[in-house]
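Where a number appears in this text, it was derived from the coordinates with a stated rule and is not lab data. Nothing here was measured: the structure is a model prediction, and the numbers come from that model. All Cβ positions, glycine included, derive from the backbone under ideal geometry; neighbour counts span all protein chains shown.
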Amino acid sequence: MKEKLSDVIDRFRKLKVLVIGDAILDTYVKGAPDRVSREAPVIVFNVDEQEHQCGGAANTAINVAALGAETYFLTVLGKDSSSRELIDVLKKHKVETDYILRDKSRVTISKKRITASSHMLMRIDEGTTTSISEACEKEMLQKIAELYPVVDAIILSDYGFGLFTPALINGIKELTVYRHKPIVADGRDVSKFKSLKPDAVKPNYEETIKLLHIDKCLHNRADQVLQYTKKLHEITGAHKVAVTLDVDGVLFLEKGKEPFRIVAVPQDNKRAIGAGDTFISAMALALASKVKGDVAAQIAAAAAAVVVQKDGTVGCTNNELKAYFTAVPKFISMTEQLTEIVNDLKKQGKKIVFTNGCFDIIHKGHIALLNKAREAGDVLIVGVNNDNSIRKLKGPERPINNLEDRITVLAGLQSVDYLIAFEEESPVHLIKEVHPHVFVKGGNYSETSIPEAPLLKKLGCQVKIVPYLEEHSTTQIINRIRDINHEVEIDVTVNGYAKAGLN
């Protein structure tokens, strides 16, 4: 590809996308069983906290917004507290909610999960799953007709909860006759969108075998699906079919081209909740950016790979996706880019920790410092003195390892989330940009004696001092190496002289 993927991803910010689909309010109730009730032989569950998240097509809309596009969401909710909670979460993630319909005859789809000590004890589901009314169909079509001329792509996300009626699909089809817009469909039965001739559909493996009416295969699932490539195109009416195979990656089938396989990035003990929503969001944006199908699939798979490295239902931001395609994804080269990342993280309610250092020769003391720093919050950003900065601090013989080497080693540590280099002796300007919640300093300092103390106090930043481990410093390591080399040189000289004398 001639243009950089980062340039393609940057273009996502200029796009407008309409997401249509079934919205779900996911509520997580955390607490603990306390005692047996006097009213009945049942356990009393005390609630500690309750968190609302978006599921279904609402999560797809949030993913599109996270990737930088202006996002319009269209669905039908009830006139109830769940609809209000769902709309509030969508607004928080900068999704346009003015086009959402609310029907008092319906109950908003919601799933409430009761958890204790990270174990789910019960799930309570409620909501209307029958087809929407004729009045809702007409109003939805009016809103789609209003938005159709201004958006660059449309995502249809169907969870089978009665939104996509035949009349609604036919109405969308009439709009596509006059002006083509990329349409990407995801759902339990993507064949219902065949008449729209979507640009792409994304069934998972379970949905694919149901479409094909074939039995589940325990091994070589990709090879099994490959046999039905032509039939999948016929059933879905789509030019591109992306079959997601979770741990087996993605099988991308495009008419007139060889099948394209994307291998999944192995992840241990990670949750892939919502990764499919991330995939379809990134694919739609990539196709709207007019890249080739296989490139769009790679971008979409990369966005999903970012998400499966996180816990819970979360999205992939534009900056995270660009970083994925860099040589060292954790390294941020521009302060402006770091500021954008931090702003995104703070909107998600993340606690930001900042620390800095030379990290010339990584040793046990560094690891202990970084681990302690990471424990102080949700995201650890590490400022690294560049080579010139270290020369000013340590002398002309330092650093031992150049910046690129030091960054590469630090990026391999699980405790580190982001890295950025700085030129000055103190990272004051970075602290101003990041405005962290916690600042961690290593060494024999007090909160008032560290050089950055006045700024940190002004910012209201918590300071955490982590003492260095004794006898673990880069300078001591260098001195020991010099002592060993000196001993070897003496030994060689003496032995060489003695040997010469014997001859």
- [ ] Evaluate the charge dipole of the chain about its Cα centre and quote only its size in Debye, nearest 20, assuming +1 on the Cβ of each Lys and Arg and -1 on the Cβ of each Asp and Glu.
- [x] 800
TODO: Kindly write out, for the range 31-36 in residue order, the coupling ³J(HN,Hα) from the Karplus curve 6.51 cos²θ - 1.76 cosθ + 1.60 (θ = phi - 60°), rounded to whole Hz, with x marking Gly and Pro.
DONE: x, 8, x, 10, 6, 8
Open item on the list: Amide H of Asp158 versus every other amide H placed in the peptide plane: which residues, excluding those fewer than 5 positions away on the same chain, fall under 5 Å?
Closed with: Asp186, Gly187, Arg188
Task: Residue (of Thr355, Ala421, Asn386) at the positive-pole extreme of the range 335-472, dipole from beta-carbon charges - done: Thr355
Open item on the list: Can you list residues from other chains, or at least 5 along the same chain, whose modelled amide H is less than 5 Å from the amide H of Lys79?
Closed with: Asp103, Lys104, Arg106
Open item on the list: Taking 8 Å as the Cα distance limit and 6 or more residues as the minimum spacing, I'd like the relative contact order of the chain as a percentage.
Closed with: 11
Open item on the list: Per residue of the range 396-402, what does 6.51 cos²θ - 1.76 cosθ + 1.60 with θ = phi - 60° give for ³J(HN,Hα)? Whole Hz please, x for Gly and Pro, Karplus curve as stated.
Closed with: x, 7, 10, x, 6, 10, 6
TODO: Using the Karplus curve 6.51 cos²θ - 1.76 cosθ + 1.60 with θ = phi - 60°, work out ³J(HN,Hα) for each residue of the range 429-434 in order, rounded to whole Hz, and write x for Gly and Pro.
DONE: 5, 5, 4, 4, 6, 6
Task: Segment Gln309-His219, extension gain: residue separation times 0.36 nm, minus the distance between their alpha carbons - done: 29.9 nm
Open item on the list: For the range 335-472, what does the relative contact order come out to in percent, with C-alpha contacts under 8 Å and a separation of six or more?
Closed with: 28
Task: Centroid-to-centroid separation of the range 181-234 and the range 372-436 [C-alpha atoms, Å] - done: 47
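Ratio of Rg to Rh for the chain, alpha carbon only, Kirkwood?
In the chain, Rg relative to Rh is 1.08.
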Task: Cα-based Rg and Dmax for the range 108-154, where Dmax is the largest Cα-Cα distance (Å) - done: 18.1, 49
- [ ] Please sort through the DSSP H helices of the chain and keep those with an alpha-carbon extent of at least 15 Å along the long axis and a Kyte-Doolittle average not below 0.0.
- [x] 166-178, 275-288, 293-307
Task: Cβ crowding within 10 Å averaged over residues, with 381-387, 47-53 ranked highest first - done: 381-387, 47-53
Open item on the list: Tell me the Rg and the Dmax, in Å, that the Cα atoms of the range 335-472 produce.
Closed with: 14.2, 43
TODO: Work out the length of the dipole vector of the range 335-472 about its Cα centre, built from +1 on the beta-carbon of each Lys and Arg and -1 on the beta-carbon of each Asp and Glu, and round it to the nearest 20 debye.
DONE: 460
Open item on the list: Once each part is reduced to its C-alpha centroid, what is the distance from the range 326-355 to the range 1-44 in angstrom?
Closed with: 21
